[in-house]
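The structure appears below as C-alpha coordinates.
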Amino acid sequence: MPTVDVVDLKKQKVGSVDLPEEVFGCKLHTALVHEAVVMQRACERQGTASTLRRGEVAGSGKKPWKQKHTGRARAGSIRSPVWRHGGSVFGPKPRDYSYSMPKKKYRAALQSALSAKLADGQLLIVSSLSLDQPKTKLLAQALTNFCAEAYALIVAGAGHAGLAQAAGNLPNVCVVGPEGLNVYDIVRAEVILILERELPRVKEVWS
(Lines give C-alpha, C1' and ligand atoms only; values in the text may rest on other atoms or scores of the structure.)
Protein backbone atom coordinates (compact mmCIF):
# COMPACT_ATOMS: atom_id res chain seq x y z
CA MET A 1 0.00 0.00 0.00
CA PRO A 2 1.64 3.30 -1.10
CA THR A 3 2.23 5.81 1.66
CA VAL A 4 2.58 9.46 0.65
CA ASP A 5 2.96 12.76 2.43
CA VAL A 6 0.06 15.13 2.95
CA VAL A 7 1.05 18.74 2.25
CA ASP A 8 -0.52 22.12 2.86
CA LEU A 9 -0.80 25.11 0.51
CA LYS A 10 2.85 25.97 1.19
CA LYS A 11 3.84 22.44 0.13
CA GLN A 12 4.95 21.67 3.66
CA LYS A 13 4.38 18.18 5.05
CA VAL A 14 1.60 18.05 7.61
CA GLY A 15 1.08 14.29 7.76
CA SER A 16 0.96 11.10 5.73
CA VAL A 17 -1.73 8.86 4.32
CA ASP A 18 -1.99 5.33 2.93
CA LEU A 19 -3.34 5.21 -0.60
CA PRO A 20 -5.43 2.26 -1.79
CA GLU A 21 -3.23 -0.27 -3.58
CA GLU A 22 -5.93 -1.16 -6.11
CA VAL A 23 -6.09 2.43 -7.40
CA PHE A 24 -2.61 3.90 -6.91
CA GLY A 25 -0.39 0.81 -6.93
CA CYS A 26 -1.11 -0.71 -10.32
CA LYS A 27 1.27 -1.66 -13.10
CA LEU A 28 1.51 0.70 -16.07
CA HIS A 29 -0.36 -0.58 -19.14
CA THR A 30 0.64 1.86 -21.87
CA ALA A 31 -1.52 0.30 -24.58
CA LEU A 32 -4.59 0.37 -22.35
CA VAL A 33 -4.06 4.02 -21.42
CA HIS A 34 -3.56 4.91 -25.09
CA GLU A 35 -6.78 3.13 -26.05
CA ALA A 36 -8.72 5.03 -23.39
CA VAL A 37 -7.31 8.40 -24.50
CA VAL A 38 -8.12 7.74 -28.16
CA MET A 39 -11.66 6.72 -27.23
CA GLN A 40 -12.19 9.79 -25.08
CA ARG A 41 -10.87 12.15 -27.74
CA ALA A 42 -13.07 10.53 -30.37
CA CYS A 43 -16.13 11.05 -28.17
CA GLU A 44 -15.31 14.76 -27.99
CA ARG A 45 -15.36 15.23 -31.77
CA GLN A 46 -18.29 17.31 -33.00
CA GLY A 47 -18.64 15.45 -36.29
CA THR A 48 -20.29 18.43 -38.00
CA ALA A 49 -18.13 18.52 -41.16
CA SER A 50 -20.37 18.35 -44.22
CA THR A 51 -19.96 18.60 -47.99
CA LEU A 52 -22.50 18.70 -50.83
CA ARG A 53 -22.87 15.69 -53.07
CA ARG A 54 -23.63 16.07 -56.79
CA GLY A 55 -27.35 15.74 -56.08
CA GLU A 56 -27.21 18.61 -53.58
CA VAL A 57 -25.21 21.37 -55.30
CA ALA A 58 -26.99 24.12 -57.20
CA GLY A 59 -27.23 23.68 -60.95
CA SER A 60 -29.45 22.47 -63.75
CA GLY A 61 -29.85 18.82 -64.64
CA LYS A 62 -29.82 19.65 -68.34
CA LYS A 63 -27.06 18.24 -70.51
CA PRO A 64 -24.65 21.16 -71.19
CA TRP A 65 -24.20 20.37 -74.90
CA LYS A 66 -24.96 17.61 -77.30
CA GLN A 67 -23.03 14.38 -77.11
CA LYS A 68 -21.18 14.51 -80.44
CA HIS A 69 -19.64 16.81 -83.05
CA THR A 70 -18.69 19.68 -80.71
CA GLY A 71 -15.00 18.92 -80.35
CA ARG A 72 -15.40 18.97 -76.60
CA ALA A 73 -15.42 16.22 -74.07
CA ARG A 74 -18.69 14.50 -73.31
CA ALA A 75 -20.57 16.07 -70.42
CA GLY A 76 -23.86 15.11 -68.89
CA SER A 77 -24.20 17.55 -65.97
CA ILE A 78 -22.65 20.76 -64.71
CA ARG A 79 -22.81 19.24 -61.23
CA SER A 80 -20.23 16.60 -62.09
CA PRO A 81 -17.49 16.18 -59.47
CA VAL A 82 -14.80 16.90 -62.09
CA TRP A 83 -16.28 20.33 -62.82
CA ARG A 84 -15.69 23.50 -60.84
CA HIS A 85 -18.54 24.01 -58.37
CA GLY A 86 -19.47 20.38 -58.87
CA GLY A 87 -20.52 18.02 -56.12
CA SER A 88 -18.18 16.17 -53.81
CA VAL A 89 -17.69 12.43 -54.23
CA PHE A 90 -16.44 11.08 -50.92
CA GLY A 91 -16.58 14.22 -48.80
CA PRO A 92 -17.55 14.06 -45.11
CA LYS A 93 -21.09 14.10 -43.83
CA PRO A 94 -22.24 14.75 -40.25
CA ARG A 95 -21.60 11.65 -38.17
CA ASP A 96 -21.10 10.50 -34.61
CA TYR A 97 -17.50 9.52 -33.89
CA SER A 98 -18.15 8.40 -30.32
CA TYR A 99 -17.78 4.83 -29.17
CA SER A 100 -17.27 3.12 -25.86
CA MET A 101 -14.88 0.64 -24.32
CA PRO A 102 -15.69 -1.86 -21.56
CA LYS A 103 -16.00 -0.23 -18.16
CA LYS A 104 -13.49 -2.61 -16.57
CA LYS A 105 -10.89 -1.75 -19.21
CA TYR A 106 -11.43 1.99 -18.74
CA ARG A 107 -11.20 1.63 -14.96
CA ALA A 108 -7.97 -0.33 -15.34
CA ALA A 109 -6.58 2.37 -17.65
CA LEU A 110 -7.44 5.10 -15.14
CA GLN A 111 -5.87 3.16 -12.27
CA SER A 112 -2.75 2.63 -14.38
CA ALA A 113 -2.53 6.34 -15.24
CA LEU A 114 -2.94 7.41 -11.58
CA SER A 115 -0.31 4.91 -10.46
CA ALA A 116 2.14 6.18 -13.08
CA LYS A 117 1.64 9.79 -11.99
CA LEU A 118 2.23 8.82 -8.37
CA ALA A 119 5.40 6.94 -9.29
CA ASP A 120 6.66 9.98 -11.22
CA GLY A 121 6.05 12.30 -8.26
CA GLN A 122 3.37 14.26 -10.09
CA LEU A 123 0.53 13.37 -7.73
CA LEU A 124 0.18 15.20 -4.41
CA ILE A 125 -2.28 14.87 -1.56
CA VAL A 126 -3.32 18.26 -0.19
CA SER A 127 -4.79 18.67 3.27
CA SER A 128 -7.00 21.60 2.28
CA LEU A 129 -7.48 23.95 -0.64
CA SER A 130 -10.14 26.28 0.70
CA LEU A 131 -10.26 29.90 -0.45
CA ASP A 132 -11.58 32.91 1.46
CA GLN A 133 -13.41 33.98 -1.70
CA PRO A 134 -13.96 32.18 -5.03
CA LYS A 135 -11.54 34.42 -6.90
CA THR A 136 -9.17 33.45 -9.68
CA LYS A 137 -6.34 35.54 -8.24
CA LEU A 138 -6.49 33.75 -4.89
CA LEU A 139 -6.41 30.33 -6.50
CA ALA A 140 -3.53 31.29 -8.79
CA GLN A 141 -1.54 32.46 -5.78
CA ALA A 142 -2.33 29.24 -3.89
CA LEU A 143 -1.10 27.11 -6.79
CA THR A 144 2.23 28.90 -7.25
CA ASN A 145 3.93 26.51 -4.82
CA PHE A 146 2.77 23.48 -6.79
CA CYS A 147 2.98 24.54 -10.42
CA ALA A 148 3.95 27.72 -12.20
CA GLU A 149 2.71 27.36 -15.77
CA ALA A 150 2.12 23.61 -15.72
CA TYR A 151 -1.28 22.06 -16.36
CA ALA A 152 -2.82 21.18 -13.00
CA LEU A 153 -5.66 18.79 -12.27
CA ILE A 154 -7.46 19.33 -8.96
CA VAL A 155 -9.72 16.62 -7.59
CA ALA A 156 -12.33 18.26 -5.37
CA GLY A 157 -15.87 17.15 -4.61
CA ALA A 158 -19.22 18.87 -4.77
CA GLY A 159 -18.52 20.88 -1.63
CA HIS A 160 -15.91 22.94 -3.46
CA ALA A 161 -18.06 24.81 -5.97
CA GLY A 162 -16.11 28.01 -5.28
CA LEU A 163 -12.90 26.26 -6.27
CA ALA A 164 -14.30 25.35 -9.68
CA GLN A 165 -15.61 28.89 -10.08
CA ALA A 166 -12.20 30.36 -9.28
CA ALA A 167 -10.50 28.07 -11.80
CA GLY A 168 -12.85 29.06 -14.60
CA ASN A 169 -10.48 31.67 -16.02
CA LEU A 170 -7.28 29.68 -15.51
CA PRO A 171 -6.54 27.82 -18.76
CA ASN A 172 -4.00 25.52 -17.11
CA VAL A 173 -6.20 24.44 -14.21
CA CYS A 174 -8.98 21.86 -14.29
CA VAL A 175 -11.20 21.00 -11.32
CA VAL A 176 -13.12 17.72 -11.32
CA GLY A 177 -14.86 15.62 -8.74
CA PRO A 178 -13.86 12.02 -7.98
CA GLU A 179 -16.62 10.83 -10.32
CA GLY A 180 -15.33 13.11 -13.08
CA LEU A 181 -11.80 11.73 -13.15
CA ASN A 182 -10.83 10.66 -16.65
CA VAL A 183 -7.77 9.20 -18.31
CA TYR A 184 -7.15 12.06 -20.73
CA ASP A 185 -7.01 14.75 -18.03
CA ILE A 186 -4.77 12.55 -15.89
CA VAL A 187 -2.33 11.90 -18.73
CA ARG A 188 -2.05 15.53 -19.81
CA ALA A 189 -1.76 16.87 -16.25
CA GLU A 190 1.74 17.79 -15.10
CA VAL A 191 0.64 17.89 -11.48
CA ILE A 192 -2.40 16.31 -9.84
CA LEU A 193 -3.71 17.64 -6.54
CA ILE A 194 -6.15 15.45 -4.64
CA LEU A 195 -7.78 16.76 -1.50
CA GLU A 196 -7.29 14.40 1.41
CA ARG A 197 -10.99 14.28 2.18
CA GLU A 198 -11.71 13.04 -1.38
CA LEU A 199 -9.56 9.90 -1.13
CA PRO A 200 -12.32 7.64 0.26
CA ARG A 201 -14.62 8.70 -2.58
CA VAL A 202 -11.88 8.13 -5.18
CA LYS A 203 -11.37 4.63 -3.80
CA GLU A 204 -15.12 3.97 -3.77
CA VAL A 205 -15.61 5.04 -7.39
CA TRP A 206 -12.48 3.68 -9.06
CA SER A 207 -11.38 0.64 -7.06
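The values are calculated or read from the model by the stated rules, or taken from the named source; none is laboratory data. Note that the structure is a prediction, hence the values are computed from the model and not measured. No Cβ is skipped: glycine too gets one built from the backbone with ideal geometry, and neighbour counts run over all protein chains shown. Accessible surface is based on the protein model in full, side chains and every heavy atom, while ligands, DNA and RNA are left aside. Shrake-Rupley method; radii C 1.70, N 1.55, O 1.52, S 1.80 Å.
The table for this structure:
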item: Cα-based radius of gyration of segment 57-97 once divided by 2.2 N^0.38 Å, which approximates compact folds; result: 1.55
item: Average accessible area per residue (Å²) across segment 1-63 - probe 1.4 Å, nucleic acids and ligands excluded; result: 67 Å²
item: Answer label for log10 I(q)/I(0) by the Debye sum over Cα atoms at q = 0.11 Å⁻¹ (calculated), chosen among (i) -0.46; (ii) -0.62; (iii) -0.52; result: (ii)
item: Residue-normalised accessible area of segment 134-182, given per residue in Å² at a 1.4 Å probe; result: 46 Å²
item: Sulfur and carbon atoms: percent of accessible area, the chain [1.4 Å]; result: 51 percent
item: Cα-based reach from K105 at 30 Å (exclusive), listing lysines while leaving out same-chain residues under 8 positions away; result: K27, K117, K203
item: GluC sites (Glu not before Pro) restricted to DSSP loop in segment 1-86 with at most 14 other C-beta within 10 Å; result: E44, E56
item: Mean Kyte hydropathy of -0.5 or more with a Cα span along the axis of at least 15 Å, helices from DSSP in the chain; result: 30-43, 103-119
item: Loop-located trypsin sites (Lys or Arg not before Pro) in segment 1-96, at most 16 other Cβ atoms within 10 Å (DSSP); result: K10, K11, K27, R45, R54, K62, K66, K68, R72, R74, R84, R95
item: Cα convex hull of segment 61-133 - mean projected area over all directions, nm²; result: 13.8 nm²
item: Cross-link reach list, lysines versus K93, counting only Cα pairs under 27 Å and skipping chain neighbours closer than eight places; result: K62
item: Relative contact order (%) - criterion: Cα under 8 Å, at least six apart; region: the chain; result: 24 percent
item: Between segment 38-60 and segment 127-158, the alpha-carbon center distance in angstrom; result: 40 Å
item: Pairs of alpha carbons in segment 133-207 whose separation is greater than 19 Å (percent); result: 31 percent
